[in-house]
Amino acid sequence: MIETALVGVAAGIIAGLLGVGGGTLIVPGLVLFLGLSQIEAEATSLLAIVPTAIVGAWRQDRYCNVRRPDAALLGVLSVGGGALGVAVANALPERALRLGFAALMLLVAAQLLRRGLAR
């Protein structure tokens with residue numbers, strides 16, 4: 001249980017400092033440090049993000065940083081996308097999920113590096 005708490009706190013701190021989604025940190029932490037399978041880590045991260053998203057959105061809304069029509073559209077469309085993603089993830093082999101996640105992280109890292117160097 002202490003390992004789970006450490007992964008959560010570390011992911012929260014890094015996410016807050018660097019502005020990256022907690023799932024990009026929590027999923028690898030759950031796989032590497034807690035031994036969860038990729039699908040278990042993804043599912044656990046999705047559930048764990050719900051209270052974080054609620055609190056974060058509420059706080060950002062208080063600063064008038066939320067574009068409510070965009071948020072509503074994203075939220076509604078994400079429900080269907082999330083259901084489809086879960087079905088596909090459960091149909092894929094573990095290796096495919098890990099490679100897909102790794103490829104996404106590399107793409108995000110490359111974009112951040114490109115933008116950082118451009119400024």
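The values are calculated or read from the model by the stated rules, or taken from the named source; none is laboratory data. Quantities reported herein were computed from a predicted structural model and do not represent experimental measurements. Here Cβ is always computed from backbone atoms with ideal geometry, including for glycine, and neighbour counts include all displayed protein chains. Calculation scope for accessible area: heavy atoms of the full protein, side chains included, ligands and nucleic acids excluded. Shrake-Rupley method; radii C 1.70, N 1.55, O 1.52, S 1.80 Å.
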**Item:** Solution diffusion estimate, µm²/s, Stokes-Einstein, segment 1-62, Kirkwood Rh from C-alpha pairs, 10 °C, viscosity 1.306 mPa s
**Value:** 134 µm²/s
**Complete:** Evaluated at 20 °C and 1.002 mPa s, the Stokes-Einstein D of the chain based on the Kirkwood radius over Cα pairs, in µm²/s, stands at 134 µm²/s
**Item:** Residue-level accessible surface for Phe101, protein heavy atoms, 1.4 Å, Å²
**Value:** 40 Å²
**Item:** At q = 0.13, 0.27, 0.29, 0.30 Å⁻¹, base-10 log of I(q)/I(0) for segment 38-85 (Debye sum, equal scatterers on each alpha carbon)
**Value:** -0.38, -1.06, -1.09, -1.10
**Message:** I want to check the label-to-label distance for Val20 and Ile39. Put each point 7 Å from Cα in the C-beta direction and report it in nm to one decimal.
**Reply:** 2.6 nm
**Message:** Need one number: nm distance between label points at Asn90 and Leu104, each 7 Å from Cα along Cα→Cβ, rounded to one decimal.
**Reply:** 1.8 nm
